[in-house]
Amino acid sequence: MRRVTIGPDDLVAAGLINPDRQEEIRRVAAEFAVALTEDMSAVINPADPDDPIAAQFVPTAAELVTTDQERLDPIGDERWSPVVGIVHRYPDRVLLKPSLLCPVYCRFCFRREVVGKKGAVLDDESLAAAFNYIRERPRIWEVIVTGGDPFLLAPRRVADIVRALEEISHLGVIRFHTRVPIVDPRRVTPALVDALAAEKAVYVVIHANHPRELGSQAQAALLRLSRAGIPLLAQTVLLRGVNDDAGVLEALFRRLVTMRVKPYYLHHADLARGTSRFRTGIASGQRLVRSLRGRISGLCQPTYVLDIPGGHGKVPIGPCAVRQGGERGGWLVKDATGTEHDYPADPDAAEE
Ligand SMILES: *Cc1c(COP(=O)(O)O)cnc(C)c1O
Ligand code: SF4
């Protein structure tokens, strides 16, 4: 069988770290899950100490340093979890987490306290209870199957989940969040694609952070999904030293769009424990996003969002191009070059 997973004890053999770092890796692996795939290992340049792919997957002792602002539950998932495997924060949609295993463990992961640990797969009883929770609440319109990575489940299990959700009449959309098509693209088999077939709309949202992740195997996997009529979206995490650069983001978003994937969210990195080396400031994130406006197609523009710590939800935090202050109560609107233009006051402004 194809060996795809490189664990903490294989990093030396894979040429990804020097033997003198094995002890450091052991200490990190005692706290957080460690793994990457051969596909990702193959695009790492081990001679580059700042390699953007290695930075995402190869652990370092910096992860053992926690800052005052960092939290165990950075986006408040626990607070909004009514039953095991469900997170219900917004009235119309829930997260369903059938498994907390991933093909890779990202060093900046916002769920790093729970992914890859023992008991990470929901048992049949808990899964049935999660489906019941959704079934009994007609206001739920969308189920986001996430984790962990749901595409790590056997295609038969994925088909069971799709079938169970398909039978719930008040659901309009079934959305999968996965990194598999990028980091382990050969796992997107015809059987997995078939498992996603449904009458309801099935969306797949991938996670990609750097253009080098998007090789020909990933392209082929994404084509198998889009040929099956599945709309594809992408989430990107803004990461210092990986993609906090206009040229890198431009190349990433262009490549995604040519592969029929619409960039959906650019996430400001969450306050997960031991991840401070990845976080940019919000001001520099806004500068980057502003520099992409006008420079690349609207199809290539994701929404820059922050998941407010404490479980208050995601909000757009991109630069705002409009402010009040024009002539006679009007507006000033900034174009892509930073020049401001007048726009008339609102029709109802005089009555206020
Ligand atoms: C991110 C998230 C969603 C999905 O949000 P969208 O803005 O619809 O993509 C839903 N529920 C929870 C708890 C989330 O964290
Ligand atoms: S694939 Fe997603 S859930 Fe898994 S480790 Fe990476 S960021 Fe976390």
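State all residues of the stretch 101-112 that are of a type outside the set (V, I, T) and either crowded, with 21+ Cβ neighbours inside 10 Å or within 15 Å of ligand 1 (Cβ to nearest atom) (or both); if no residue qualifies, say none.
Correct list: C102, P103, Y105, C106, R107, F108, C109, F110, R111, R112.
Scan the strands (runs of 3 or more DSSP E) fully inside the stretch 280-352 and keep the ones with 3 or more residues being open to solvent by 70 Å² or more (accessible area, probe 1.4 Å).
Qualifying strands (runs of 3 or more DSSP E): 340-343.
Taking only pairs six or more apart or across chains, which ones have beta-carbon atoms under 7 Å, a first residue in the stretch 71-82 that is β-branched (V, I, T), and a second residue that is in a strand (DSSP E or B)?
Close Cβ pairs (under 7 Å, with a partner that is in a strand (DSSP E or B)) amount to I75/D307.
Go through V121, V145 for me and flag whichever is modelled with pLDDT under 95, closer than 30 Å to H170 by Cα and either in contact with a Leu (Cβ under 9 Å, 6 or more places away or on another chain) or within 16 Å of ligand 2 (Cβ to nearest atom) (or both).
V121
For R79, indicate whether it is within 16 Å of ligand 1 (Cβ to nearest atom), loosely packed, with under 15 Cβ neighbours inside 10 Å and either basic (K, R) or not assigned by TED's automatic domain parsing to the domain that holds Y133 (or both).
Numbers: within 16 Å of ligand 1 (Cβ to nearest atom): yes; loosely packed, with under 15 Cβ neighbours inside 10 Å: yes; either basic (K, R) or not assigned by TED's automatic domain parsing to the domain that holds Y133 (or both): yes.
Taking the combined requirement at face value, the residue satisfies it.
Of all residues being within 16 Å of ligand 1 (Cβ to nearest atom) and in a strand (DSSP E or B) in the stretch 116-145, which is farthest from D92 (Cα to Cα)? Just the residue, please.
Residues of the stretch 116-145 within 16 Å of ligand 1 (Cβ to nearest atom): 130, 133-134, 137, 139-145.
Right, trim to in a strand (DSSP E or B) and you get 142-145.
On the way: E142: 6, V143: 9, I144: 11, V145: 14 Å.
The qualifying residue farthest from D92 (Cα to Cα) is V145.
I'm trying to understand the selection: among the residues of the stretch 89-98, which are within 15 Å of ligand 2 (Cβ to nearest atom) and out of contact with any Leu (no Cβ under 6 Å at 6 or more places or on another chain)? First the steps, then the outcome.
First, pick out the residues of the stretch 89-98 that are within 15 Å of ligand 2 (Cβ to nearest atom): 95-98.
L95, L96, K97 - these are the residues of the stretch 89-98 that are within 15 Å of ligand 2 (Cβ to nearest atom) and out of contact with any Leu (no Cβ under 6 Å at 6 or more places or on another chain).
The values are calculated or read from the model by the stated rules, or taken from the named source; none is laboratory data. Small disclaimer: the values here were computed from a predicted structure and weren't measured. Cβ atoms come from the backbone with ideal geometry, glycine included; neighbour counts cover every protein chain shown. To get the accessible areas, we keep the full protein, side chains included, count just its heavy atoms, and leave off ligands, DNA and RNA. Shrake-Rupley method; radii C 1.70, N 1.55, O 1.52, S 1.80 Å.
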